[in-house]
Amino acid sequence: MAGVTGRLVRGWCPRAVRRLSLLLTSILQCLSFTFLPVAKFTQPFRNHFGNHCWERRNLFCPSSSLQVPAQLHMSKTAMGASQKDFESAMNQVKLLEKDPGNEVKLKLYALYKQATEGPCSTPKPGVFDLINKAKWDAWNALGNLPKETARQNYVDLVSGLSSSSDSSSQVKPEADREQAGYETLVMTSEDGITKIMLNRPTKMNALTTQMYQEIMLALEAASKDDSTITVLTGNGSYFSSGNDLTNFTHISPDEIEEKARRGAILLRDFVGCFIDFPKPLVAAVNGPAVGISVTILRLFDLVYASDRATFHTPFSHLGQTPEGCSSYTFPKLMGPGKAAEMLIFGKKLTAAEACAQGLVTEVFPDSTFQKEVWTRLKAYSKLPRNALRISKQMIRNHEKEKLHATNAEESRILQERWLSDECMNAIMNFLSRKAKM
Ligand SMILES: CCCCCC/C=C/C(=O)SCCNC(=O)CCNC(=O)[C@H](O)C(C)(C)COP(=O)(O)OP(=O)(O)OC[C@H]1O[C@@H](n2cnc3c(N)ncnc32)[C@H](O)[C@@H]1OP(=O)(O)O
C-alpha cells in the first residue's frame, strides 16, 4: 500500500495531494467496522467467523462464568438486595424476550461491574476503541457507588425490565411492534411478518458500516422471532443506493490495509447472513437498487419490485468487482452474456427487464405496490410456518456450500480492489462530483 501511496503522491500538485490525502484518509471506512457507535456495542460479542450467533449473555452478565466474590454472599439487608436476588436478576436478564436496547444494556453492564468489582480502576480504552470506551465510561460514571447499592440498582433495573417485558408479551401477536435499538433501520413485526426497513431516505438508503451491522443484527433477531416471513424494504424513493461511498473517508494511510482486511470480513459476514437465513426472505424493492442491494437479491426467496425500480451494478465504474455471490448466481440465473452486461459493463435494468431475467419475481405498478405486496405477503404468512421454513431450506441447501465459497472469494478479491488506484480514483470522483457542479 505504501508503494501505491508513494507512486500516487509523487508528481501530484499540492491540491491533488490534498485530495489524495482525503481519499486515503477515507478509503474503506467500510473497513472501520469496529468503529461502531456506542449504540452497537454488542458487536464484540459476535463470532465473526462462526455461525452468526450472538452471545448476548456475556453482555448482560459479563461474568456469568465468573466466581462471585465471597463478600457478596450476604443476606438482604436494609441496604438492599441479597446475593440471591442479584443472581436471580442475572438469570432474569438472560431470559428477557425483548432486547432492552443498548442504553439499558450499558447501565446493566456498569452496575454489574460496580457490584462485583467496585469502582472502575481499569485503564481507559483508547479513543478509537469506541465500544469498550462506552462500557468503561458507563462503569466509571458510577464513581464510588457502594457495591451493595449497585447490586440493588441492578436488581431494580432488571425487575422493571421483566415487568415491562411481561406486559409486552401480553400484547396480541398481531400488534405492530417496533423493535427498539436500531438507528438506521425500522424493524416491525405484524401479522406473522417481520419487516426490516432501511431508513436513510435522504441518502437513498446508502449502506453505512453501522447499517450493515444493524441489518445483520435484525436478521439474527428475525431468524429467531415467531414470524413466518421476513421482508427487507427501503424507506423513501430508493430501495438502496448500495454501499455508502462516504464509508471511504477518514482513514489514515497506515490503516488502509488493515481496514480493507476487516472490510472483507464484514462483507463476507454480511452476505453470509443472507445465505444462511433460515426462513422465507422477501425483498420489497420499492425503488431503484444499486450495487450490493442488487446482488444480494438472488439470495432472497421472493423479490417483488415496483415498476419504478431499476437494478444497477456499476462495479467497474467504481474500480470494484462483483459481490453478494453475483459472480456465481447471476450467470447461472440469466446466462453469462446478460450477467456480463450487468456485472462487467454496469448496464442498468428496468424492473420489467430484471423480471424477464429472473432476478425479480413480480413487478407491481408503483401506485399499488405497497397494497398489493403486503396483501400477498399477509396471505402467505398464514401458511404453516414450519413447512415454509423446511421447503426454503430444501431449495437453498443444494448450493449453500458453493455460495459460501463464492462469497469468500469475492470478499478476498474486493479487499485487493479497495487498495487499487482505480478504486481510489473512482470514489474520489464521486465524492468530488458536487464540488464540480
Ligand atoms: C461491507 C460491505 C462492503 C461494500 C461492498 C461493496 C459494495 C459495492 C456497492 O454497493 S457499489 C455501489 C455504490 N453506490 C453507488 O455507486 C451509488 C452512488 N450514488 C449515486 O450514484 C447517486 O447518488 C444516485 C444515483 C444513487 C442518486 O442520484 P440523485 O437522485 O441525483 O441523488 P443524489 O446523488 O443527490 O443523492 C442524494 C444524497 O444521497 C447521497 N448518496 C446517494 N447514494 C450514496 C452512496 N451510495 N454513498 C454515499 N452517499 C450517497 C448523495 O451524496 C446525496 O447526499 P447529499 O445530499 O449530497 O448530502
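The values are calculated or read from the model by the stated rules, or taken from the named source; none is laboratory data. Because the structure is a prediction, the values reported are computed rather than measured. Using ideal geometry, Cβ is built from the backbone for each residue, glycine included, and neighbour counts are taken over all protein chains shown.
Results, tabulated for the structure shown:
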| item | result |
| --- | --- |
| Single residue of A305, A387, A339, A351 found to be hydrophobic (A, V, I, L, M, F, W, C) and touching a Cys at 6+ places or on another chain (Cβ under 8 Å) | A305 |
| Verdict on T230 being out of contact with any Leu (no Cβ under 6 Å at 6 or more places or on another chain) and more than 14 Å from L207 (Cβ to Cβ) | no |
| Listing of helices (runs of 4 or more DSSP H) fully contained in segment 349-437 that carry 2 or more residues being of a type in the set (S, T, N, Q) | 369-380, 385-397, 400-417, 421-436 |
| Residues that are part of a loop (DSSP other than H, G, I, E, B) and farther than 20 Å from L266 by Cβ, drawn from segment 200-231 | M204, D225, D226, S227, T228 |
| Set T350, T329: member being of a type in the set (V, I, T), within 16 Å of the ligand (Cβ to nearest atom), out of contact with any strand residue (DSSP E or B) (no Cβ under 8 Å at 6 or more places or on another chain) and in contact (Cβ under 8 Å) with a residue 12 or more places away in the chain | T329 |
| Search result, residues across segment 321-348 that are in a helix (DSSP H, G or I) and of a type in the set (D, E) | E341 |
| Qualifying residue in segment 410-419 (condition: within 27 Å of A222 (Cα to Cα), within 16 Å of the ligand (Cβ to nearest atom) and not hydrophobic (A, V, I, L, M, F, W, C)) | yes |
| Those residues of segment 87-99 which are within 14 Å of S159 (Cβ to Cβ) and not in a helix (DSSP H, G or I), in sequence order | L96 |
| Hey, K224 surrounded by 18 or more Cβ atoms within 10 Å (Cβ to Cβ) and more than 10 Å from the ligand (Cβ to nearest atom) or not | no |
| Any hit, segment 371-393, residues being small (G, A, S), farther than 21 Å from S227 by Cα, surrounded by fewer than 18 Cβ atoms within 10 Å (Cβ to Cβ) and free of Cβ contacts under 8 Å to residues at least 60 places away in the same chain | no |
| Test for I196: is it within 16 Å of the ligand (Cβ to nearest atom) and either in the same structural domain as V294 (by the TED database) or crowded, with 24+ Cβ neighbours inside 10 Å (or both) | no |
| Search result, residues across segment 96-152 that are of a type in the set (G, A, S) and under 30 Å from A222 (Cα atoms) | G101, A110, A134, A138 |
